[in-house]
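Novice: Okay, handing you the structure first.
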Amino acid sequence: MIDFTKLGKHSYPWDIIMPYYRFALCDVFFKEYNVVGRENIPPAGTPTFVIANHQNSALDALVVVGMFKDYRQPVFLARGDVFKNNTVAKILRFWRVMPTYRSQDSGGKSDLMKNLETFQIAADILKNGGVIGMFPEAAHQPGRYLNTFKKGVPRICFEAEEAANYQLNLQVLPVNLHYSNILNFREKALIEIGKPFGFGEFLETYKNNPNDAYLQFNEKARAILKSMVLDIEDREHYEEYNLLRDMVRRYRMKNNYKKYNYFDEFKEEKNIIAEIDTLKAENPEKFEVLMTETKKYSDLLKKLNFRDWLVNKKQTGFGLVIKTLLMVLFFPFFAFGFINNVLPCLPANILTKKIKDKVFTGSIQFVIGFILFPVWYLLILLAASLISGSFLIGLSYTILAFISLFVYYRYKVIALKLRHAWRYFSQRKTEEVKSIKVLKNNILSVFSS
C-alpha cells in the first residue's frame, strides 16, 4: 500500500527539478503561459487552499504549481480511481497528488474510509502553513462550463479550522484555468488568480450544522469562480455557443488592430458569451435564428471538412503556390527536426491514440516528454561528441536538435493549414462554399451591429 503521509514534508528533490519543470511547462510545452493576478497569492506560510475549474485532467494541477514563483510545493487531491494502477499511483505521489474517493467509482466503504486519512493529511498540511489544491467539480470535463461543486473542499477546510481551534485563518484562492486547446502541444494557457477569501462568515453555521456550512461555502466559492471562468450555461446550444465564441473573437481581432494578449482574447470571448445570453433573454426569436444558422454553418464545416478561419479568407492561387514553394524550401529544416525528435515523441503519440478519455492527452504528452526528452538529448550529446571528437560540437548539435523540435512541430501545423487552404481554394466556386460564406456573413452581422 502506497503511503501518502509524507507529502506534507518539504521535498528537496522537488527543489532540484523545479527550475527544469518550470522551463519544460511554461517555455516549452506551452507557446504562451500567462499568469494574471499573482499579487493575490497569499504570502508563503499562509495556509492556502487553491480551487480551480477542471478542463485538462492532471495538467491542471501541474499548471497551478507553475504559477508559484517562490517554488511552493502544493499537494493536490484527485479522484481515487486513477490510483488503481500501482505505477500510476507512485508517479502521482511523486507529483504530490493524493487520492480521494467518490461513491460512484470507489471500491466500497473501505475506499471511502480512506478519505478520512486523506482529509486528515490535507488538514495537517494546511495547519503547517502549506498549500492544498483541489478541483471542486470533482471530475474533469473538456467543456467550457462550470459543473456543480462537491463537498470535499469545504469539508477539508472546516476540519482544518476546527483542528486549529478556528484560529487558522485559512485562505481559499480561486483560480481560473483557460486553454486555447487541451489536446495539442504549443498552445496557450491562461492562469487567472482571484482574490482569496476566508471562512469567518461560515464558522457559526458550521458549529451548528456542518452540512449547511458546506452548502453555503460552495455557493459562495462557485459564484466567485463562475465570475472568473468562461461558463456556457446553455448546454442545449453548447456547440453553437462554443463555435461563436471562437469565430466572433477571431473576426473582431482581425478588424481591430490593437495588440491582443491571451487574457484580452479570453475577456473578449467572455463578452461574446454574455452578448449571446443577453440576446437570448431580450430577443428569443433572433436568438433562435442565430442558433439555427450557426448549427447549419457548423454542419457544413464538418461536411466539407473545413475550418472556420478558412471561410471568407482571401486566397489566391499565386499566393498558395508561393507558400507551397516556401514549404518545399524549408523541408530540410523539418527533416532535421523530424530525425532528431520523432523517437521521443512516439510513446506519447501511441498512448494518446489508445486512451478513451482524450482529456488526458496533454497530461500524457507533458509527463512522458518531461521524462524522455532530457534522456534523449543526453544521448544525442554523447553520440555527437563521440562522432565529432569534440564536446563543443556535440553540445552545439544538441542545442540545434532541441531548437529543431519547435521547427518540426510548427512546420507540421503550417503544412496542415496549407492543405486545408488548397482544398478550400479548389472548391471555392461550388454552391456549398457559396452558401457557407453567406451563412458566416449573416452570423457575423449579428455581432457587428
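Novice: Could you check residue 408 against (1) open to solvent by less than 50 Å² (accessible area, probe 1.4 Å); (2) at pLDDT below 95; (3) aromatic (Phe, Trp, Tyr) and say which number it fails?
Specialist: Of (1) open to solvent by less than 50 Å² (accessible area, probe 1.4 Å); (2) at pLDDT below 95; (3) aromatic (Phe, Trp, Tyr), only one is false for residue 408: (2).
Novice: Moving to a separate point now. If you go through the stretch 44-51 one residue at a time, do you hit one that is more than 23 Å from residue 154 (Cα to Cα) and more than 18 Å from the chain's Cα centre (by Cα)?
Specialist: No - not one qualifying residue is present in the stretch 44-51.
Novice: If residue 393 satisfies every condition in (1) surrounded by fewer than 17 Cβ atoms within 10 Å (Cβ to Cβ); (2) of a type in the set (Val, Ile, Thr); (3) over 28 Å from the mean Cα position of the chain (by Cα); (4) within 22 Å of residue 28 (Cβ to Cβ) but one, which is the exception?
Specialist: (4)
Novice: I'm told residue 324 meets every condition in (1) in contact with a Phe, Trp or Tyr (Cβ under 9 Å, 6 or more places away or on another chain); (2) part of a loop (DSSP other than H, G, I, E, B) except one. Can you identify the failing condition by its number?
Specialist: For residue 324, the exception is condition (2).
Novice: Looking at 407, 359, 367, which is the one that is under 24 Å from residue 61 (Cβ atoms), in contact with a helix residue (DSSP H, G or I) (Cβ under 7 Å, 6 or more places away or on another chain), β-branched (Val, Ile, Thr) and touching a residue at least 60 places away in the same chain (Cβ under 8 Å)? Steps first, answer last, please.
Specialist: Details: 407 fails: under 24 Å from residue 61 (Cβ atoms); 367 fails: in contact with a helix residue (DSSP H, G or I) (Cβ under 7 Å, 6 or more places away or on another chain).
Selected residue: 359, the only one of 407, 359, 367 that is under 24 Å from residue 61 (Cβ atoms), in contact with a helix residue (DSSP H, G or I) (Cβ under 7 Å, 6 or more places away or on another chain), β-branched (Val, Ile, Thr) and touching a residue at least 60 places away in the same chain (Cβ under 8 Å).
Novice: In the stretch 80-98, how many residues are of a type outside the set (A, V, I, L, M) and part of a helix (DSSP H, G or I)? Working first, answer last.
Specialist: Taking the stretch 80-98 and keeping what is of a type outside the set (A, V, I, L, M), we get 80-81, 83-87, 90, 93-96.
With the extra rule that they be part of a helix (DSSP H, G or I), the set shrinks to 80-81, 83, 86-87, 90, 93-94.
Looking only at that region, the number is 8.
Novice: If I ask for residues that are over 23 Å from residue 172 (Cβ atoms) and in contact with a strand residue (DSSP E or B) (Cβ under 7 Å, 6 or more places away or on another chain), which ones from the stretch 26-51 would you list?
Specialist: Step one: filter the stretch 26-51 for residues over 23 Å from residue 172 (Cβ atoms), giving 26-33.
Hits for the stretch 26-51 are 26, 30, 31, 32, 33.
Novice: If I filter the stretch 65-79 down to residues being assigned to a loop (DSSP other than H, G, I, E, B) and not charged (D, E, K, R), which single residue comes out as surrounded by the fewest Cβ atoms within 10 Å (Cβ to Cβ)?
Specialist: Start the filter on the stretch 65-79 by keeping residues that are assigned to a loop (DSSP other than H, G, I, E, B), which leaves 67-74.
Those left that are additionally not charged (D, E, K, R): 67-68, 71, 73-74.
On the way: 67: 23, 68: 19, 71: 13, 73: 18, 74: 20.
For the stretch 65-79, the residue satisfying everything is 71.
Novice: Which of the numbered conditions does residue 40 fail, given that it passes all the others? Conditions: (1) among the polar types (S, T, N, Q); (2) surrounded by fewer than 17 Cβ atoms within 10 Å (Cβ to Cβ); (3) in contact with a Phe, Trp or Tyr (Cβ under 9 Å, 6 or more places away or on another chain).
Specialist: Tallying (1) among the polar types (S, T, N, Q); (2) surrounded by fewer than 17 Cβ atoms within 10 Å (Cβ to Cβ); (3) in contact with a Phe, Trp or Tyr (Cβ under 9 Å, 6 or more places away or on another chain), residue 40 fails exactly one: (3).
Novice: Same structure, new question: In the stretch 135-145, what residues are within 15 Å of the chain's Cα centre (by Cα) and buried (at least 22 other Cβ atoms within 10 Å of the Cβ)?
Specialist: 135, 140
Novice: Within the stretch 79-100, count every residue that is aliphatic (A, V, I, L, M), touching a residue at least 40 places away in the same chain (Cβ under 8 Å) and under 21 Å from residue 51 (Cβ atoms). So that I can check it myself, show each step before the final result.
Specialist: Of the stretch 79-100, the ones aliphatic (A, V, I, L, M) are 82, 88-89, 91-92, 97-98.
Next, only the ones that are touching a residue at least 40 places away in the same chain (Cβ under 8 Å) stay: 89, 91, 98.
Subsequent filtering for residues that are under 21 Å from residue 51 (Cβ atoms) retains 98.
Total satisfying the criteria: 1.
Novice: Here's something else I'd like to know. If a residue must be hydrophobic (A, V, I, L, M, F, W, C) and either surrounded by 16 or more Cβ atoms within 10 Å (Cβ to Cβ) or within 28 Å of the chain's Cα centre (by Cα) (or both), how many such residues does the stretch 330-349 contain? Reasoning before the result, please.
Specialist: Residues of the stretch 330-349 that are hydrophobic (A, V, I, L, M, F, W, C), as a first pass: 330-331, 333-336, 338-339, 342-343, 345-346, 348.
Checking which are either surrounded by 16 or more Cβ atoms within 10 Å (Cβ to Cβ) or within 28 Å of the chain's Cα centre (by Cα) (or both) leaves us with 334, 336, 338, 342-343, 345-346, 348.
So the count comes out to 8.
Novice: Please go through the stretch 146-155 and give me each residue that is within 16 Å of residue 216 (Cβ to Cβ) and either open to solvent by less than 60 Å² (accessible area, probe 1.4 Å) or of a type outside the set (Ser, Thr, Tyr) (or both), ordered by number. Let's see the steps before the verdict.
Specialist: The initial filter retains those residues of the stretch 146-155 that are within 16 Å of residue 216 (Cβ to Cβ), namely 148-155.
149, 150, 151, 152, 153, 154, 155 - these are the residues of the stretch 146-155 that are within 16 Å of residue 216 (Cβ to Cβ) and either open to solvent by less than 60 Å² (accessible area, probe 1.4 Å) or of a type outside the set (Ser, Thr, Tyr) (or both).
Novice: Restricted to the stretch 1-44, and to residues that are part of a helix (DSSP H, G or I) and among the β-branched types (Val, Ile, Thr), which residue is modelled with the highest pLDDT? Steps first, please.
Specialist: Taking the stretch 1-44 as the starting set, the residues that turn out to be part of a helix (DSSP H, G or I) are 5-8, 12-29, 38-40.
The next check asks that each one be among the β-branched types (Val, Ile, Thr); those that pass are 5, 16-17, 28.
Numbers: 5: 83, 16: 92, 17: 92, 28: 97.
Of everything passing the filter in the stretch 1-44, 28 is modelled with the highest pLDDT.
Novice: Look at residue 8 and say whether it is among the small types (Gly, Ala, Ser) and either out of contact with any helix residue (DSSP H, G or I) (no Cβ under 9 Å at 6 or more places or on another chain) or farther than 27 Å from residue 84 by Cα (or both). Explain how you work it out, then say what you get.
Specialist: Numbers: among the small types (Gly, Ala, Ser): yes; either out of contact with any helix residue (DSSP H, G or I) (no Cβ under 9 Å at 6 or more places or on another chain) or farther than 27 Å from residue 84 by Cα (or both): no.
For residue 8, the condition - among the small types (Gly, Ala, Ser) and either out of contact with any helix residue (DSSP H, G or I) (no Cβ under 9 Å at 6 or more places or on another chain) or farther than 27 Å from residue 84 by Cα (or both) - is not met.
Novice: Can you work out which of the residues in the stretch 180-200 that are within 24 Å of residue 166 (Cα to Cα) and not in a loop (DSSP other than H, G, I, E, B) is most open to solvent (accessible area, probe 1.4 Å)?
Specialist: Looking at the filtered set, the residue picked out is 200.
Novice: Could you give every pair whose Cβ atoms fall below 7 Å, whose first residue belongs to the stretch 261-275 and is among the basic types (Lys, Arg), and whose second residue is buried (at least 19 other Cβ atoms within 10 Å of the Cβ), counting only separations of at least 6 or pairs across chains?
Specialist: Within 7 Å, the pairs are 270/230.
Novice: Now for a separate question. Residue 378: over 35 Å from the mean Cα position of the chain (by Cα) and over 24 Å from residue 330 (Cα atoms), yes or no? Outline the logic, then answer.
Specialist: On the way: over 35 Å from the mean Cα position of the chain (by Cα): no; over 24 Å from residue 330 (Cα atoms): yes.
For residue 378, the condition - over 35 Å from the mean Cα position of the chain (by Cα) and over 24 Å from residue 330 (Cα atoms) - is not met.
Novice: Sticking with this one: Can we say residue 333 is closer than 22 Å to residue 31 by Cα and either modelled with pLDDT of 95 or more or hydroxyl-bearing (Ser, Thr, Tyr) (or both)? Don't jump to the end; show me each part of the working.
Specialist: Numbers: closer than 22 Å to residue 31 by Cα: yes; either modelled with pLDDT of 95 or more or hydroxyl-bearing (Ser, Thr, Tyr) (or both): yes.
Judged against the criteria, residue 333 is a match.
Novice: So which residues in the stretch 55-99 are in contact with a strand residue (DSSP E or B) (Cβ under 6 Å, 6 or more places away or on another chain), β-branched (Val, Ile, Thr) and under 16 Å from residue 152 (Cβ atoms), if there are any at all?
Specialist: Matches in the stretch 55-99: 75, 97.
Novice: While we're here: Any residue at all in the stretch 14-37 that's touching a residue at least 12 places away in the same chain (Cβ under 8 Å), under 15 Å from the mean Cα position of the chain (by Cα), farther than 16 Å from residue 188 by Cα and surrounded by 17 or more Cβ atoms within 10 Å (Cβ to Cβ)?
Specialist: Looking for residues that are touching a residue at least 12 places away in the same chain (Cβ under 8 Å), under 15 Å from the mean Cα position of the chain (by Cα), farther than 16 Å from residue 188 by Cα and surrounded by 17 or more Cβ atoms within 10 Å (Cβ to Cβ), one finds none in the stretch 14-37, hence no.
The values are calculated or read from the model by the stated rules, or taken from the named source; none is laboratory data. What you see is a predicted model, and the numbers here were worked out from it, not measured in a lab. Heads up, the Cβs are rebuilt from the backbone with ideal geometry, glycines too, and the neighbour counts pull from every protein chain shown. Accessible surface areas use protein heavy atoms only, side chains included; no ligands, DNA or RNA. Shrake-Rupley method; radii C 1.70, N 1.55, O 1.52, S 1.80 Å.
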